[in-house]
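The values are calculated or read from the model by the stated rules, or taken from the named source; none is laboratory data. Keep in mind it's a predicted model, so treat the numbers as computed, not measured. Note that each Cβ is placed from the backbone with ideal geometry, even for glycine, and that neighbours are counted across all protein chains shown. Please note that ligands, DNA and RNA were not included when accessible areas were found on the heavy atoms of the full protein model with its side chains. Shrake-Rupley method; radii C 1.70, N 1.55, O 1.52, S 1.80 Å.
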Amino acid sequence: MMKVIFLLCVACTLCHTLKVDFTTSKILQLQGQNTVKKFLQSNQVRVIYFYKKDVKFLKFFIRELEKSAEFLELYGVQTGFCNCTEKINKDVTDCKKAGIENSVHTYRTGTLLLSLELETMFDVNSIMSNILQLVMLREVPILQTLKEVEKFLGTMRGKKDVIFGHMKAIGTFDHRVFMEVAYAYMNKLQFVICTDKKATKLFEQPPSKDVSTVWWVWTKTMSTSDSSYHNIRYRGELNLKALAKFVSTVTKPKMFNIPAEGVDHPYSSFEVPVVRFYYNTASEKDVYQKAHMLTKYYGGSVGVLLMNMDRDETRAVTSYQGKLPVFSFLHDAEAVEHFLPGALTTDNIGKFIEENMGAKPVYPSTEEPMEEVDDEPVIEEEESTYEDERPPFNYEDVETQDDKVAEMIEKTKKVKMPLDLVPALTDKTFPSTVRESDTAVILLYFPFDAISMGSLRMFGEAADMFSQQTMLKFARVNCYDWTDVCQKEKITIYPTLRVYKKGEKAWDYKGPHDTQAVFSTFKLLEMSCPVYEKNSDTLLNYLLWKGENTLAGVTNTTVVGLFRNRDKQEIEVFKQFAENSRERIMFVYTDIKDAAVIAKKFGATLPVVILSKYDDTIQPYATFDEKYTLQNLHEFVENNKLPKLTVLTPLMFPEVRRRFAELLILFTDDSDTSRQSEDIVREIVKAQQFNNVSFNMMQVPDDSSVGFRVLREYTSQPEVPHLSFVSFQKGEVFNFADGDIEKTSVTNWLSDIVKGSVEPSTKLKNEEWKPKNKGYEFLKIMDWEAEHRPKPSKDEKMRSDVPDDVPDDMRPKSRHDEDHELDEDDIVDGAHRMPAMEEADDSDTRRDLFALKDSRLYHQAPGRVHHHGDRKDRGSYSGDDGYSSDDEHVNKENVLAGQDKNVPKMKDKSHDPSEL
């Protein structure tokens, strides 16, 4: 049953995914065998998806395919959709193939190129990068080994410089950016992709980790006898705008001499900073040597100009009249030209460039924001005359209520998650990890869920705070990859943070998903719970918080049990309560002789439990003197753990709200007036006249603070100090407006509010705090699905009746299975990976790249294969409408770098959300 519910959680989002708007989308609706055949008979790459039934995450794929289709059309790639469930498509040959709905299929001239599993086509980046790799099948080879890299670079000597990209995986955003830039510049440069980090050891500054990296390799100036490859590592982030700038600079001259090569230099657009060497005839040789050394290190990052000041033409275009030679740096056309103050040495030039480039990166890591586009546009439909055809529930309401959370997760995606101490477990390693660990803390999550990914980041950060100095074992399980593991653990809520003790489930973390809160909870988990303490001075330190304390920053509350040797029953109840309590509280107990002396200091006798709060100046401790039961101890801790005057923070608010429906909030800053108001509120709290009201302070340091935003919701004139009384039960806010904050006037004001004789100043927008929409009603969904599910064919029924333990090769095969047996050459290998969220679309950059691609010089390149019907100088083509027989099929197993039949071989890559 649990497995059915889990799979239903995934599948229930799919039944409405076929609402592809063919009128606005770039996806073409294909109906009938003749239409499909005509669509595929093109000498350009064609992409088509055949829908037969709902499969995992089809909704996400269709949504991303709609986005991708518009981009792909720019590259001459058209996308089609064939709904095999429609009567008009019953004659479509591919609709009869088993498993056709599990992949998206690519063709050229009617021939299948590759079938790409939907699990590798999880977002715009993966779709774009894989399809572009097919479009440029011959121009951008994928090299797999160091030997292939050496062989290929050897063939490029004296021909073209190489832009070498080491991709951490095929199908990523990095891969997409690399391919888009390659499409525009491959007539001038040779682009190459490598997926093996070991093959990059030929280059300077190879990546220390398996990260995407780009080099510019100077193969054009090499002779056949040269054995070393001079290369320059790209210094920016891998985004479209930045990489396009770099490659554009690479295509320009390494140095430009004014006026020998003209006065209009190629760096006038300032895609990168410009450096100038001002020289005369006497210093010409020395300057040329230094300029050459500079380009070998900073090439692609700066434009180098040589200014011969002995020539009239040079003096006419510059205002410089100082000493020679001299070196300058200019970040952009509007910046001030900075001159090197010291001697003109190579070291000084290098330091000077680094200093000037440090403040403003050459290739910025941020891009201009894209226009906001609704992921799923509203599609107006005619009302159905058959009400029972529509599901009696709305999936979208459930799925979109966490959009705000997803938006915040999106903003942090570029920041790498610290997951070094949180290894990913599999069905093999999970049991042994739990069994062999004294205490294991494991996050079980769902990689497509924003809350799960936020919790994963929080969990990684909390584990990282421990470093290696902990006996706890931290780990994670991707419940999408390892459904069986999460099913056995009965995980029905994502994410679940679970603690295992000695191989058994102990408890699930229920606290706030905050890094510090989780760290505090598990820091206390390192200790035995409760801690038995024999030293009386240490016990007093726990209670009075004097001297050094290892709990600083971990918890502000300690519960200490003081007992006699004969208090066996009380001690057992206290220990059981401490073990069951999962609050961020330190539990300590003792039965030493000095326990009575310590209890006397607090006006109590043994046995006694003392709760100490180091940040509460009004009630620093409370004593428990009731009957020792779990219920009584729980109520004692709940009623006394909060400070009497709480500093209200987003983390503290849920704790306060759980206990109180009415809050008094004093908004303060660091002024003397605010401090005086705090003293007055403390006096009111000590009087204990309003015990059902929670008294709080909230800092308002500036207009951007949380405190200011809350205050602005309560009053139209946000000034501090300010008092607000909030009744969450009634959704009412009362603002104190009787002049200065004074004890008597505030007390009378509170009394009037409690009596109901004061009208509220304003009403809260949301009186009830609960999810905007209900969750999935699984039973209703299952009943509806069963009623509307298509009846299985005879073949399908025959196969479904076979017991699960019968091997696949002994199961009866349907006619469709016999028609199409998939082998490994039909499907591209791929592993589950986290959907990399699409970067901002730099439309201006893309427009410029296409302008370059369509320019005259682009089409002058000899031997180019044009994927828009214009093929020149290719002897392997037979006519204008198709390939020769040699080109009609792609063989995946023949990965020969740089040859015509090179095809991208997907590198297996385990899913790791830290790559986001």
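Being at pLDDT below 60 and small (Gly, Ala, Ser) narrows it down to one residue among 756, 775, 739, 731; which is it?
775
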request  = Check every one of the helices (runs of 4 or more DSSP H) wholly within region 442-529 and list those with 1 or more residues that are closer than 21 Å to residue 651 by Cα.
outcome  = 450-466, 515-525
ask   = For region 123-153, what are the residues that are among the hydroxyl-bearing types (Ser, Thr, Tyr) and open to solvent by less than 10 Å² (accessible area, probe 1.4 Å)?
value = 126, 129
message = Cβ-Cβ distance below 8 Å, separation of 6 or more or different chains: which pairs start in region 568-581 with a residue that is among the hydroxyl-bearing types (Ser, Thr, Tyr) and end on one that is modelled with pLDDT under 95 and not in a helix (DSSP H, G or I)?
response = 581/587
remark   = Scanning region 475-505 for residues that are aromatic (Phe, Trp, Tyr) and open to solvent by 10 Å² or more (accessible area, probe 1.4 Å), the one farthest from residue 438 (Cα to Cα) turns out to be 480
query = Quick one: is residue 201 in a helix (DSSP H, G or I), open to solvent by 50 Å² or more (accessible area, probe 1.4 Å) and under 27 Å from residue 113 (Cα atoms)?
reply = no
query = Taking the condition touching a strand residue (DSSP E or B) at 6+ places or on another chain (Cβ under 7 Å) and aromatic (Phe, Trp, Tyr), does residue 173 pass?
reply = no
ask   = In region 598-618, is there at least one residue being within 29 Å of residue 731 (Cα to Cα), open to solvent by less than 40 Å² (accessible area, probe 1.4 Å), in contact (Cβ under 8 Å) with a residue 12 or more places away in the chain and aromatic (Phe, Trp, Tyr)?
value = no
request  = Taking the residues in region 684-731 that are among the small types (Gly, Ala, Ser) and under 32 Å from the mean Cα position of the chain (by Cα) as candidates, determine which candidate is surrounded by the fewest Cβ atoms within 10 Å (Cβ to Cβ).
outcome  = 704
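Residues are listed down the side, and each one gets a yes or a no for (1) open to solvent by 60 Å² or more (accessible area, probe 1.4 Å); (2) within 16 Å of residue 306 (Cβ to Cβ); (3) of a type outside the set (Gly, Ala, Ser):
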site: 229; (1), (2), (3): no, no, yes
site: 232; (1), (2), (3): no, no, yes
site: 237; (1), (2), (3): yes, no, yes
site: 244; (1), (2), (3): no, no, no
site: 248; (1), (2), (3): no, no, no
site: 255; (1), (2), (3): no, yes, yes
site: 259; (1), (2), (3): no, yes, yes
site: 264; (1), (2), (3): yes, yes, yes
site: 277; (1), (2), (3): no, yes, yes
ask   = For region 276-295, does any single residue satisfy the condition of being farther than 26 Å from residue 336 by Cβ, in a helix (DSSP H, G or I) and of a type in the set (Gly, Ala, Ser)?
value = yes
message = From the list 160, 168, exactly one residue is more than 18 Å from residue 188 (Cβ to Cβ), open to solvent by 10 Å² or more (accessible area, probe 1.4 Å) and either at pLDDT 90 or above or assigned to a loop (DSSP other than H, G, I, E, B) (or both). Which is it?
response = 168
query = Which ones in region 139-157 are in a helix (DSSP H, G or I) and over 21 Å from residue 206 (Cα atoms)?
reply = 155
ask   = Of these, 288, 297, which one is within 44 Å of the chain's Cα centre (by Cα), open to solvent by 10 Å² or more (accessible area, probe 1.4 Å), on the phi < 0 side of the Ramachandran plot and at pLDDT below 95?
value = 297
key: Output for region 49-89, where each listed residue is over 30 Å from residue 449 (Cβ atoms), touching a residue at least 12 places away in the same chain (Cβ under 8 Å) and out of contact with any Cys (no Cβ under 6 Å at 6 or more places or on another chain)   = 73, 74, 75, 76, 77, 78, 80, 82, 86, 88
key: From 633, 645, residue being over 22 Å from residue 753 (Cβ atoms), more than 36 Å from the chain's Cα centre (by Cα) and open to solvent by less than 40 Å² (accessible area, probe 1.4 Å)   = 633
inquiry  = Given the condition assigned to a helix (DSSP H, G or I) and under 27 Å from the mean Cα position of the chain (by Cα), answer yes or no: does some residue in region 186-197 qualify?
reply    = yes
ask   = On the given criteria, is residue 431 without any contact (Cβ under 8 Å) to a residue 60 or more places away in the chain, open to solvent by 20 Å² or more (accessible area, probe 1.4 Å) and touching a strand residue (DSSP E or B) at 6+ places or on another chain (Cβ under 7 Å)?
value = no
Breaking point among (1) touching a strand residue (DSSP E or B) at 6+ places or on another chain (Cβ under 9 Å); (2) farther than 30 Å from residue 200 by Cβ, for residue 343 = (1)
message = I'd like to know if region 655-677 contains one or more residues that are open to solvent by 70 Å² or more (accessible area, probe 1.4 Å), out of contact with any Cys (no Cβ under 7 Å at 6 or more places or on another chain) and under 18 Å from residue 735 (Cβ atoms).
response = yes
key: Selection from region 300-327 of residues that are among the β-branched types (Val, Ile, Thr) and surrounded by 18 or more Cβ atoms within 10 Å (Cβ to Cβ)   = 302, 304, 314, 326
request  = Taking the options 564, 582, name whichever one is among the basic types (Lys, Arg), open to solvent by 20 Å² or more (accessible area, probe 1.4 Å), modelled with pLDDT of 90 or more and at negative phi.
outcome  = 564
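A quick yes/no check of all residues on (1) out of contact with any Phe, Trp or Tyr (no Cβ under 7 Å at 6 or more places or on another chain); (2) without any contact (Cβ under 8 Å) to a residue 24 or more places away in the chain; (3) of a type in the set (S, T, N, Q):
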position: 670; (1), (2), (3): yes, no, no
position: 684; (1), (2), (3): yes, no, no
position: 689; (1), (2), (3): yes, no, yes
position: 696; (1), (2), (3): yes, no, yes
position: 711; (1), (2), (3): no, no, no
